[in-house]
1. In whole Å, what is the distance between the alpha-carbon centres of segment 57-84 and segment 156-235?
2. Tell me which chymotrypsin sites (Phe, Trp or Tyr not before Pro) from segment 34-88 have a DSSP coil assignment and no more than 16 other beta carbons within 10 Å of their own.
3. Which of rounded, prolate, oblate describes segment 15-67, given a ≥ b ≥ c as roots of the alpha-carbon gyration tensor eigenvalues and a/c under 1.5 marking rounded, otherwise prolate only if a/b is larger than b/c?
4. Quickly work out the Arg146-to-Asp54 label distance, labels modelled 7 Å from Cα along the C-beta direction, and quote it in nm with one decimal.
5. Is segment 18-101 best put as rounded, prolate or oblate by its Cα gyration tensor, with a ≥ b ≥ c the root eigenvalues, rounded for a/c under 1.5, and otherwise prolate when a/b is larger than b/c, oblate when not?
Amino acid sequence: MKTLLVIIAFAFIGCGALEIIDRDITCRGDNIELELTFDMSFFGDVYSEGHYIDRNCRTWGTGTRFVTMKLDHSSCGVFSNGFDNTYSVFVTINERSSIVKAGDLSFLISCSYDTDTAVTIRADNVEVGQLSTAIILNTPSPPQLRLSVYEGSDLNSRGKSAGFVDIGDSLLLVASLVDNTIYQNLLVYDCQAYSSADESLAIELIDSSECINGDLYGGIIQTPSVMKRLSGRFPVEKWISFRAFKFPDADIVRFECQAFACINPQECDDTVRYTV
């Protein structure tokens, strides 16, 4: 007679409001079944790590407080250990669909088919290493325009160019008009962040009217609008502050904006409210 050992080890990707109040793991002969109950309505994703694109390895919330999914032993990243007869899989829970951000959860489920032990549930901490993000897509074209991501939360105290950061770190997305001898201002619009693994996984940061995505304000985007620096000896720059995030199945996030320059410094400013 087979008995099952279920080991669940949680890793918190930052700190946030997402909380699991109940979990039910069933180890079957050819699959692992998972049912999670949350403390509030859930609209995010639950998926096996590295297999977000495969719909058989992912489920999503519809506003109820619970989700269920089944992971076959032969797919969805489930790996086995013949020595101790276990099947294991890493599962990630995103509070917001298609985005991995601070406060999301990751955990390991391991089912051990052992004839000598009873069913046991144990929760242990798992150390989560650094996640990398922010490879920048530059769009240089006449006049000289540049898109960059820097470490920091304010333009006046910006750090180095971002390369490898942790989820939740403060970053700046900055569009610069490098040569201001002819052009005096620029308009930045239709800014997108998208996954390096699948460009269909994308979110809008700044819309076609140069307004921030209000749905992301306070959680990911930290500035209430597109900010501007218009100064003689410095390049003309428009920017937003945001917290680092990534998409499922890819550690690299790419950024792309549309922009054009204006000769009159009062142009290109219809929706910009804040100047530094």
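1. When both Cα centres are located, 36 Å separates them.
2. Numbers: sites: Phe38, Phe42, Phe43, Tyr47, Tyr52, Trp60, Phe66, Phe79, Phe83, Tyr87; in loops: Phe42, Phe43, Tyr52, Phe83.
Answer in residue order: Phe43, Phe83.
3. Numbers: a/c = 2.00, a/b = 1.33, b/c = 1.50.
Oblate shape, in that a/c is at least 1.5 and b/c is the bigger or equal ratio.
4. In this crude label model, Asp54 to Arg146 measures out at 4.3 nm.
5. Numbers: a/c = 2.29, a/b = 1.65, b/c = 1.39.
The shape class here is prolate.
Any read-out appearing in this document is the output of simple, stated calculations on the displayed coordinates, not a laboratory observation. Everything quoted here is computed from the prediction, not taken from an experiment. Quick reminder, even Gly has a Cβ in these numbers, built from the backbone with ideal geometry, and neighbours come from all protein chains shown.
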